[in-house]
Amino acid sequence: GTQETTKEDSAKETTQETEKEEEQLSQAFDQVKEADVVIVGAGGAGLAAAIAAADEGAESVIIVEKLAKTGGSLNFTSGSMSGAETIIQELDGIEDTKESYIEDILSNGAQLGDRELIEIYVDEDVDAIQWLWDHGLSEYTFSEQNGLKSVFAPEHQLYSVQRTYKPKAMDPTKYKSAVHEILDKEAAKYDNISIDYYTEVTELLGNDKGQVLTAVGYNSDTKETVCYNAKKGIVMATGGYSGNPKMMGEYA
């Protein structure tokens, strides 16, 4: 009986501590929001992560975006993509191998690339292009060469095989790339995915268990601070090192 009482007391204390922490948070911020998964950044990575999280069972997903629109760098690129052993090459009758693609990437990067990471990218790339194809890419118009959707891309050192794909956005007034358009439309189909615009995450907070499940954001439109609590995890999708001039200067 004493042991059970101790457990009950311990559970009550834990609940009281949690309630106290939640009360302190609500007092410190203008708004407190909760979701299974919180994603920082609504670019290609953030939108893809949100869809994947929802597909894997997340009941609620909040994407926090500092701009007034999704897409990130996809707003500044035509969205051409490459891949070996893809559905597009198969339909074009082009034979290619992942190993050839890996060697071409290493060659284009003066052999400075990380082979292990490149192998992972090349392998996952096939599924990514297949997913896009199955979710509408097959209906898009491509920039073709000799009637083929698989082309050589002159904007960089040519690959040894035609493995670049250049689909055009259906609504060029709103989108620069087909990929952005597809991800936007797909994410909009999920009732459990929401996007908070005009909100820049300024801080990540850890709890006493060493977990980082809280993000603090500032909404430049409402001038409010928002606390985002994630039950399962936070995904940082705020862009690569290309957004860091100092690091670019160091490596470029």
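A compact table of results
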| quantity | calculated |
| --- | --- |
| Å² per residue, accessible surface of the range 109-153 at 1.4 Å | 62 Å² |
| Unit charges on C-beta of K, R, D, E only; dipole of the range 112-238, Debye | 200 debye |
| Efficiency of FRET between ARG115 and ASP55 - r from beta-carbon atoms, R0 45 angstrom, step 0.05 | 0.90 |
| Dipole magnitude (debye, nearest 20) for the chain, charges at Cβ of Lys, Arg, Asp, Glu | 900 debye |
| Candidate lysines - alpha carbon under 26 Å from LYS189, same-chain residues fewer than 8 apart omitted | LYS33, LYS66, LYS69, LYS166, LYS168, LYS174, LYS176, LYS231, LYS232 |
| Residues of the range 41-87: accessible area per residue with a 1.4 Å probe, Å² | 40 Å² |
| Segments 70-77, 168-175 sorted - mean Cβ within 10 Å per residue, highest first | 70-77, 168-175 |
| Fraction of antiparallel bridges per DSSP, the chain only, in percent to nearest 5 | 50 percent |
| Accessible surface, per residue, of the range 190-252 when the full set of protein chains is kept, probe 1.4 Å, Å² | 68 Å² |
| Among VAL235, THR141, GLY249 the positive-end extreme of the charge dipole of the range 122-252 (Cβ point charges) | GLY249 |
| The chain - percent relative contact order, Cα under 8 Å, separation 6 or more | 29 percent |
| Protein accessible area in the chain, 1.4 Å probe - carbon and sulfur % | 49 percent |
| Size of charge dipole - the range 58-102 - debye, nearest 20, with Cβ of Lys, Arg +1 and Asp, Glu -1, no other charges | 460 debye |
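The values are calculated or read from the model by the stated rules, or taken from the named source; none is laboratory data. Everything numeric here is computed off the predicted structure, so don't read it as measured data. Because the Cβ atoms are built from the backbone with ideal geometry, glycine has one as well, and the counts that use them run over all protein chains shown. Only protein heavy atoms, including side chains, enter the accessible area calculation; ligands, DNA and RNA are left aside. Shrake-Rupley method; radii C 1.70, N 1.55, O 1.52, S 1.80 Å.
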